[in-house]
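Asker: Here it is, the structure, as structure tokens.
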Amino acid sequence: MFDITLRKAGLAYGDNVIFQDLDLTLKAGQWTCLLGGSGVGKTTLLRMIAGLTRQKNINTRGEICCGDNQPLTGRIAWMSQQDSLLPWATVLDNVTTGIQLRSNRLFRKAKLSADQKDRALSILERVGLAAKANELPQNLSGGQRQRVALARTLMEDRPVVLMDEPFAAVDAITRLDLQDLSCELLAGRTVLLITHDPLEALRLGHQVYHLRGQPAELTDAIEPPGQTPRSLEDSSLMALQGQLLDRLRHAEHGESV
Ligand SMILES: Nc1ncnc2c1ncn2[C@@H]1O[C@H](COP(=O)(O)OP(=O)(O)O)[C@@H](O)[C@H]1O
Ligand SMILES: [Mg+2]
């Protein structure tokens, strides 16, 4: 496992400077959680780490280094708020989309090897959806669809996972279940999770940061005590949640706390 370090990272869309001189370390095998108001630049930061900002009109600077001195390219899986499932493809085909895309067969389905199919089915088992392998996404609930997206992420088997508000679209109870499941199944990977939900960040994060302002800056990390996923009955978690909510609210109103 390896740390990922951003040094003096900056990004501007044309003249619109989103952040500059940002320093951040994603610790190997840990979850880093990032909170912040809408439009502050969270997704932009994630896209920059994923190497998706090398475009005209986007100016970047700074560096992103891995502790093992290897490039980050090819070592990242991505999971977003929209499950992005293909509506015409079965759950199994959705879980193996990466294999299909890399097979370069645009119009014909690639045949999975027996190993690939076994692996996909065993991952579906782990997310509790083995019985749904041949269903279409439209026949699943929102929580089940996000579990398919999680299975697809696991199928990619990358050491780094970037998650952009992955559980924002599901109800509170489903969200808690998905948090527990992701925590268990992504253990040992280096995760950067963006969320609007302070409790989610505090349950799952080893380091919790708040991105705020324009250009955006990171606050010091909060490191909640105890093992993840942290229990809702943990009173220190509730106290931290109160502090974080207060901080987020003041930032929304343009004050610094
Ligand atoms: N491709 C783009 N081109 C120009 N501006 C963009 C682009 N993507 C995002 N922005 C702007 O950058 C700012 C940060 O966006 P974003 O990273 O999506 O915020 P967040 O994820 O925190 O809600 C917003 O003001 C948004 O309008
Ligand atoms: Mg966003």
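The values are calculated or read from the model by the stated rules, or taken from the named source; none is laboratory data. Please read all numbers here as calculations on a predicted model, not as lab measurements. When we count neighbours, we look across all protein chains shown, and the Cβ atoms used for this are built from the backbone with ideal geometry, even at glycine. For accessibility, only protein heavy atoms count, side chains too; no ligands or nucleic acids. Shrake-Rupley method; radii C 1.70, N 1.55, O 1.52, S 1.80 Å.
Asker: Do the conditions hold for G142, that is, is it in contact with a strand residue (DSSP E or B) (Cβ under 8 Å, 6 or more places away or on another chain) and surrounded by fewer than 18 Cβ atoms within 10 Å (Cβ to Cβ)?
Answerer: So G142 does not fit the description; no.
Asker: One residue is enough: does segment 48-60 have a residue meeting the conditions at pLDDT 95 or above, within 16 Å of ligand 2 (Cβ to nearest atom), in the same structural domain as I222 (by TED's automatic domain parsing) and closer than 24 Å to A251 by Cα?
Answerer: yes
This table checks each residue for (1) closer than 22 Å to F167 by Cβ; (2) surrounded by 12 or more Cβ atoms within 10 Å (Cβ to Cβ).
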| residue | (1), (2) |
| --- | --- |
| L186 | yes, yes |
| T219 | no, yes |
| E233 | yes, no |
| L240 | yes, yes |
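Asker: Quick one: would you say Q82 is modelled with pLDDT under 95 and either outside any helix (DSSP H, G or I) or within 16 Å of ligand 2 (Cβ to nearest atom) (or both)?
Answerer: Taking the combined requirement at face value, the residue satisfies it.
Asker: Name the residues in segment 15-59 that are under 15 Å from V208 (Cβ atoms), assigned to a strand (DSSP E or B) and open to solvent by less than 20 Å² (accessible area, probe 1.4 Å), would you?
Answerer: Of everything in segment 15-59, those that are under 15 Å from V208 (Cβ atoms), assigned to a strand (DSSP E or B) and open to solvent by less than 20 Å² (accessible area, probe 1.4 Å) turn out to be L24, L26, W31, T32, C33, L34, L35.
Asker: Now for a separate question. State which residue pairs qualify: first residue in the same structural domain as L192 (by TED's automatic domain parsing) and inside segment 24-38, second residue within 16 Å of ligand 1 (Cβ to nearest atom) and part of a loop (DSSP other than H, G, I, E, B) in any location, beta carbons under 9 Å apart, and separation of 6 or more residues or different chains.
Answerer: C33/T195; L34/T195; L35/T195; L35/H196; L35/D197; G36/H196; G37/H196; S38/H196
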